[in-house]
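Novice: One structure, as C-alpha cells, below. Some questions next.
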Amino acid sequence: MKNKFYITTPIYYVNDRPHIGHAYTTIAADVSARYHRTKGEDVIFLTGTDENSQKTVEGAKKSGEDVKTYADRLAAIWKSTWEALNIGNTDFIRTTEERHVKTVQEIWKRIWDNGDIYKGKYEGLYCKGHEAFMKEVDLVDGVCSDHKTKPEWIAEDNYFFKLKKYEKDLLKLYGDNPNFVTPEGRFHEVKSFVERGLEDISISREKQEWGIPVPNDNKHVIYVWFDALINYISAIGIDGWQKHPADVHAIGKDIIRFHAVIWPAMLMSAKLPLPKRIVTNGFFTIDGVKISKSLGNAIDPLDLAKKYGVDALRYFLLREIPYGEDGDFSEVKLKERYNADLANGLGNLVARVATLGEKVSPIKYNYTHPLHKLLKEAHEEYDYKISTFRFDEALEIGWKRIAQSDAALSVDQPWYKEGSERAEKILSRCIELVIITDLLEPFLPETAQKIKDQISYDRTNKVFHIKKTENLFPRK
C-alpha cells in the first residue's frame with residue numbers, strides 16, 4: 001500500500017477575496033503536496049473556506065445579499081482562484097456543508113461527554129477582527145495591534161471548554177515532540193504561553209444569527225474558532241482522522257495559539273489522535289506596509305499571474321521569502337527575479353540546449369555516464385530542504401545547477417563540435433536538465449512539463465528526443 005500524506009491550509013474567511021498573503025500559504029502547501037506525490041505517496045491536500053463567522057454576516061449586509069448567497073459567491077471566488085493558481089488540492093471544504101456541521105456537533109458531544117464543557121458567564125474583551133476574546137495584556141495602547149481597533153466589552157452566557165485541564169498534557173506533548181511547531185522561535189512562544197498558565201475558554205456565542213447550533217441548546221451557536229478547527233476532521237471523517245491525522249497544518253503565525261494549544265487540547269478531550277506538525281509562515285507587507293483593506297494595498301495574485309505567469313509567481317514567493325519569516329512583496333523585485341532567474345537563467349539554458357540538441361536528436365543515453373550519479377546526490381540535500389519547508393534553500397539547489405550547467409555549456413561549446421563529440425556534450429546538459437526539472441517540478445509544474453516536452457527521455461529505446469518550442473519565460 002502507498003504511504004499516505006495529509007496536509008492542510010487554514011480555511012479562509014469569506015469576507016473578502018484572496019490576496020497575495022493567502023496565496024503564499026496555499027502555494028507553500030501545494031509545493032509540499034506535489035513533492036510527496038513525486039515520492040509515490042497517496043496525498044490528501046485540503047483547503048477551504050470559513051463561513052460561520054459574523055464577518056460573513058457583516059459582508060452580506062454590506063453587499064445587500066442574504067448570507068447564504070453571499071457565502072456561496074465568495075466561496076466560488078476562493079475556489080476558482082486556487083484553480084487558476086494551479087493549486088492541486090484534493091478537497092475543498094466549506095464550513096456550511098452538512099458533512100462539517102455533523103462532524104462539529106459530534107466532536108462537541110464527545111468533549112461534552114468527557115466532562116470538558118460547562119455553562120458559565122463570560123465577561124471580557126472581544127476583538128471583532130480576530131473573532132477572538134482578548135486580555136488587556138494582549139492590547140497595545142488599549143487596541144488590538146493587528147486591527148488597530150478597540151475590542152468591545154461582552155457580557156453573556158457562554159459554554160466553556162476546560163482548556164486549563166490540559167496544561168500538563170500540552171507541555172508533555174511539546175517536550176516529547178520538539179518539531180511539533182516550526183519555526184523554533186514560534187514553538188518557544190507557544191510553550192511560554194502555556195507555561196504562564198491557561199484559562200478555560202468560551203466556545204459559544206449567545207443569540208447569534210449565523211453559525212452551527214450548540215447541540216440541545218439552539219440559543220447558542222458554536223464559537224467560530226472551535227467550529228473551524230474541526231474542518232480538518234470533517235473532510236476525511238472521524239474514522240479517517242483516527243487512522244491517519246494530518247501530517248502537516250500549514251498556517252499563518254497569527255493563528256498559532258488556536259492550532260498549537262486549543263486544537264490539540266480539543267483532540268485530547270475527544271480522545272482523537274493529534275496532528276504531527278504545525279508549520280507557520282510570517283506576515284506579509286507590500287512595499288514595506290502591512291496588507292490592509294483600509295489602505296487598499298491587498299494585491300490580487302491573479303493579476304500578477306496574468307502578467308508574469310503562475311509559475312513565475314510561485315517561484316518568486318517561495319524563493320524571495322524564506323518560509324517562517326516575515327516578508328515584503330514588491331513587484332519591482334518580482335520583475336527583477338523573473339528576468340534574472342527565469343528568463344536569463346532557466347529559460348535561456350533550456351532554449352540553448354533545445355536549439356543545439358534538436359539538430360542531433362535523438363541522442364543515446366548511457367546509464368554509466370558520470371553525471372547520472374548526480375541525480376541521487378542532488379536529491380539527498382533537496383529532500384531534506386523541502387521536507388522541512390526550507391523552500392528557498394531547495395530552490396537554490398536547483399538554481400546552482402542551472403548556473404553550473406549554463407557555464408559548462410559555454411566551456412564545452414558544442415556548436416563547434418562534430419558528430420558524436422557534439423552529441424556527447426549536449427547529452428551532459430540534457431541529463432542536467434532532467435535533474436533540474438525533477439527538482440523544480442513541485443514548484444513550477446507547468447514549466448517542468450514544458451521542459452519535458454522539449455527534452456524528453458524515451459525509456460524503451462534509451463534515447464533523448466529534443467525539440468525546441470517557444471521560450472519558457474520571455475523577458476518583461
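The numbers here are math on the coordinates, done by the rules we state, and not lab data. Since this is a predicted model, take the numbers as computed values, not measurements. Positions of Cβ are backbone-derived with ideal geometry, glycine not excepted, and every protein chain shown enters the neighbour counts.
Novice: Per residue, how big is the convex hull of the chain when only Cα atoms are used? Give it in Å³.
Specialist: Convex hull of Cα atoms, per residue: 159 Å³.
Novice: Quick one: which of 60-66, 260-266 comes out on top by average Cβ neighbours within 10 Å, and what's the full order, highest first?
Specialist: Taking the mean over residues of other Cβ atoms within 10 Å, the ranking is 260-266, 60-66.
Novice: How large is the charge dipole for region 285-367, taken about the Cα centre, if only the Cβ atoms of Lys, Arg (+1) and Asp, Glu (-1) carry charge, to the nearest 20 debye?
Specialist: About 400 debye.
Novice: In straight Cα distance, which aspartates and glutamates are under 17 Å from K168, not counting same-chain residues fewer than 8 positions off?
Specialist: Leaving aside aspartates and glutamates fewer than 8 places away in the same chain, those within reach of K168 are D116, D176, E189, E195, E199, D200.
Novice: Counting Lys +1, Arg +1, Asp -1, Glu -1, what net charge surrounds T447 among other residues with beta carbon under 9 Å of its beta carbon?
Specialist: Every neighbour counted, the sum reads -2.
Novice: Express the Stokes-Einstein translational diffusion coefficient of region 1-48 in µm² s⁻¹, to the nearest whole number, given a Kirkwood radius over alpha-carbon pairs, 25 °C and a viscosity of 0.890 mPa s.
Specialist: Roughly 211 µm²/s, to the nearest whole number.
Novice: Another question, if that's okay. Mind putting together the pair-distance distribution for region 4-281? All Cα pairs, 5 Å bins, whole percent per bin, short to long.
Specialist: All Cα pairs considered, the percentages come to 1, 5, 12, 16, 20, 19, 15, 8, 3, 1, 0.
Novice: Compute the normalised compactness of region 156-254: alpha-carbon radius of gyration over 2.2 N^0.38 Å, N being the residue count.
Specialist: Against the compact-globule rule of thumb, the ratio is 1.26.
Novice: Over the alpha carbons of region 246-347, what is the largest minus smallest coordinate on each principal axis, giving the biggest first in Å?
Specialist: Reported extents, whole Å, longest axis first: 54, 36, 21.
Novice: What is the sum of charges around I397, taking Lys and Arg as +1, Asp and Glu as -1, for the other residues whose C-beta is under 9 Å from the C-beta of I397?
Specialist: Neighbour charge sum, excluding I397 itself: 0.
Novice: In whole Å, what are the Cα extents of region 332-466 along the three principal axes, biggest one first?
Specialist: Answer, in whole Å and largest first: 43, 31, 25 Å.
Novice: Could you compute Rg(Cα) / (2.2 N^0.38 Å) for region 389-440, with N its residue count?
Specialist: 1.32
Novice: Given Cα pairs under 8 Å that are at least 6 residues apart, what percent is the relative contact order of the chain?
Specialist: 15
Novice: Write down the Kirkwood hydrodynamic radius of region 24-93, to one decimal in angstroms, obtained as one divided by the mean of 1/r over all alpha carbon pairs.
Specialist: After inverting the pairwise mean of 1/r, the radius is 13.5 Å.
Novice: Considering only DSSP beta bridges where both residues belong to the chain, give the percentage that are antiparallel (nearest 5).
Specialist: 55
Novice: Right, another one. Might you report the magnitude of the Cβ-based charge dipole of region 332-466 about its Cα centre, with Lys and Arg at +1 and Asp and Glu at -1, to the nearest 20 debye?
Specialist: Here region 332-466 has a charge dipole of around 260 debye.
Novice: Return the Rg/Rh ratio of region 1-123 with Cα-based radii and a Kirkwood Rh.
Specialist: 1.05
Novice: Another question about this same structure. How big is the dipole moment of the chain about its Cα centre under a simple scheme where the beta carbon of each Lys and Arg is +1, that of each Asp and Glu is -1, and everything else is neutral? Debye, nearest 20, please.
Specialist: It works out to roughly 980 debye.
Novice: Note the count of lysine pairs whose C-alpha atoms are less than 30 angstrom apart in region 14-134, limited to pairs 8 or more residues apart or on different chains.
Specialist: 29
Novice: Using a 10 Å cut-off around each Cβ, can you sort H379, H188, H22, H249 from fewest to most neighbouring Cβ atoms?
Specialist: Arranged by neighbour count, lowest to highest, H379, H188, H22, H249 become H188, H379, H22, H249.
Novice: Turning to a different aspect of this structure: Go ahead and estimate [θ] at 222 nm for the chain from helices alone: -39,500 (n - 2.57) per DSSP H run with n ≥ 4, summed, over the residue count, rounded to 500.
Specialist: It lands at -14000 deg cm²/dmol.
Novice: Also: Would you mind calculating the relative contact order of region 4-281 from Cα pairs under 8 angstrom and at least 6 residues apart, reporting the percent as a whole number?
Specialist: Across region 4-281, relative contact order equals 22 percent.
Novice: Please quote Rg/Rh for region 194-306 to two decimal places, taking the Kirkwood radius as Rh and restricting both calculations to Cα atoms.
Specialist: 1.04
Novice: Where does each of 111-121, 408-418 land if you order them by average Cβ count within 10 Å, highest first?
Specialist: 111-121, 408-418
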